[in-house]
Each structure stands twice: as C-alpha cells, then as structure tokens.
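Participant: Sharing a structure with you now.
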Amino acid sequence: DTEVTQTPKHLVMGMTNKKSLKCEQHMGHRAMYWYKQKAKKPPELMFVYSYEKLSINESVPSRFSPECPNSSLLNLHLHALQPEDSALYLCASSQDWVGPNNEQFFGPGTRLTVL
Amino acid sequence: AQKITQTQPGMFVQEKEAVTLDCTYDTSDQSYGLFWYKQPSSGEMIFLIYQGSYDEQNATEGRYSLNFQKARKSANLVISASQLGDSAMYFCAMRVTYGNNRLAFGKGNQVVVIP
C-alpha cells in the first residue's frame, strides 16, 4: 500500500468557520508533511512531523494548527482563515525526515476555498 | 541553500514522441537526492523517479529516465513514447541528505500531449 489519503477533496468555508483537513498513510512512514500550493506554483512546505513530533513550522500563521494523533494520521485544523488561504493543501509522507532516499509520497490534496 | 531551475515554457508534445524536461540545480553539498514529480490537473503529486548524487548509473522507471550530469548539475527527465495521460505539470525537486532536509522544488514544466 503506497497510498496517502486525504479528506475532504474539496472544502468551502467562511472566514469564521472552524474546519479540519485529514491525512492518513499506512506505509509505516515516520515523517509526515503539510504543503500549501497555489495555482501554477510549486508546493510550499508548512509543517513537518517526525515520529509524531513537530519538527518544522515554516512560520505558518496560527490560524493553521497541525496535529499528529498517531503515526498514521495527520490533521490540519483551520480557524479564522482569510481568502488568500484558498489553495490546494497537500499531505505527504516519507520513511524518515533525515537520511538518504526519502522520497515523499503525496496525497491527492484538499482544494480549499475561503469565502 | 538549494536552488532548482526549470526554465522551459509550456510544451506541446506529439503522442508517441519522446520529450525531455530540463532541470538544473545548485548546491554545495556532496550528498543529495533528485526527484521528479508529475502533477495532473486533478492535483495529486505523483512521484516518478529518484537519482542519488552518488549513483553512477542514470535512474530509469518504465518510460521515465533521468539524464544525470553531475558535473553540469543537471537532472533532465526523459519521457519516452508520450501518452495522452502524460499531460501534466512536472516538478523537479532536490533534497540534501544531511542538514536542511527540506524538499526544494523547481517552478515546474507544463506538458500537453496532443494526439
């Protein structure tokens, strides 16, 4: 099983809403990632979890709150977002955060629209 | 810091022809990995191929091959016998093995395969 799953596929939310994005992998990977991608641009790293602990926060605004309940699950809690936060949010996982050959496998993404 | 350069404009490719996507990189590290990802309009980032900096042979995966020229710091992707399903954005990415473990992406190449 080389699949990373993400739910929901699409999400429309108002600026006062609270919502969550979910990501799951069953490859035994110890590193999981959240990326934000705007149209026609490469993905931008937001957060990295390694062994269920937050390793990297790329100065992401606090309205984005990551959570790693266990080694297979990664959530991104959203609150009081702005229209400019509308983007494709990609989850990825890799065997490890450090060391060689750590190709990242991505999920299908959640297309978020903030009204 | 690593830098990835993909400068080709959008490309139209005839079905069944081969296409080469250019990628150059810049790093002072000796140990690193190079990756190519495909992103169709659906949004999922699909891992295609990996080349390690110490690998002596060019990587191949089915119709994908990586033309690795270490001295020139280039890692071009070759897609043989293009298919309509190859229409997508293609991203070159790089990650050093030790130190800054972030995956650095190029800006991407848009490929459209025409029948």
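The values are calculated or read from the model by the stated rules, or taken from the named source; none is laboratory data. The structure displayed is predicted, hence computed values, not measured ones. Note: ideal-geometry Cβ built from the backbone for every residue, glycine included; neighbour counts use all protein chains shown. Side chains are part of the model used for accessible areas, which takes the heavy atoms of the whole protein and leaves out ligands, DNA and RNA. Shrake-Rupley method; radii C 1.70, N 1.55, O 1.52, S 1.80 Å.
Participant: Relative contact order for chain B using alpha-carbon pairs under 8 Å, separation at least 6, rounded to a whole percent?
Facilitator: About 37 percent, as a whole number.
Participant: Arranged from highest to lowest average of other beta-carbon atoms within 10 Å per residue, in what order do the peptides B:56-62, A:109-115, B:73-79, A:63-69 appear?
Facilitator: B:73-79, A:109-115, A:63-69, B:56-62
Participant: So for chain A, averaging the separation of alpha carbon pairs under 8 Å that are six or more residues apart and normalising by length, what relative contact order in percent results?
Facilitator: Computed over chain A, the figure is 37 percent.
Participant: At a 1.4 Å probe, what is the % contribution of carbon and sulfur to the accessible area of chain A?
Facilitator: Working: 2780 of 5560 Å².
Summing carbon and sulfur atoms, their accessible area is 50 percent of the total for chain A.
Participant: Using 0.36 nm per residue, how much length does the chain from B:THR60 to B:SER41 gain when fully extended, once their Cα-Cα distance is taken away?
Facilitator: 4.4 nm
Participant: Please report, in whole Å³, the volume per residue of the convex hull around the C-alpha atoms of the stretch B:34-80.
Facilitator: 77
Participant: Give the lysines reachable from B:LYS3 as a straight Cα distance under 24 Å; neighbours fewer than 8 places away on the same chain don't count.
Facilitator: A:LYS36, A:LYS38, A:LYS40, A:LYS41, B:LYS38, B:LYS70, B:LYS73, B:LYS107
Participant: What residues does the stretch B:75-115 have that are buried by at least 10 Å² of accessible area in the full protein assembly compared to the chain on its own, 1.4 angstrom probe?
Facilitator: B:MET89, B:PHE91, B:ARG95, B:THR97, B:TYR98, B:ASN101, B:ARG102, B:LEU103, B:PHE105, B:LYS107, B:GLN110
Participant: Once both labels are modelled 7 Å past Cα along the beta-carbon direction, what's the A:LYS41-A:MET15 spacing in nm?
Facilitator: A separation of 1.9 nm, rounded to one decimal place.
Participant: Counting heavy atoms of the protein chains only and a 1.4 Å probe, report the per residue accessible area for the stretch B:1-63 as a whole number of Å².
Facilitator: Per-residue value: 56 Å².
Participant: Am I reading the A/B interface right? What is its buried accessible area, both sides, 1.4 Å probe, to the nearest 100 Å²?
Facilitator: In total, this chain pair buries about 1800 Å².
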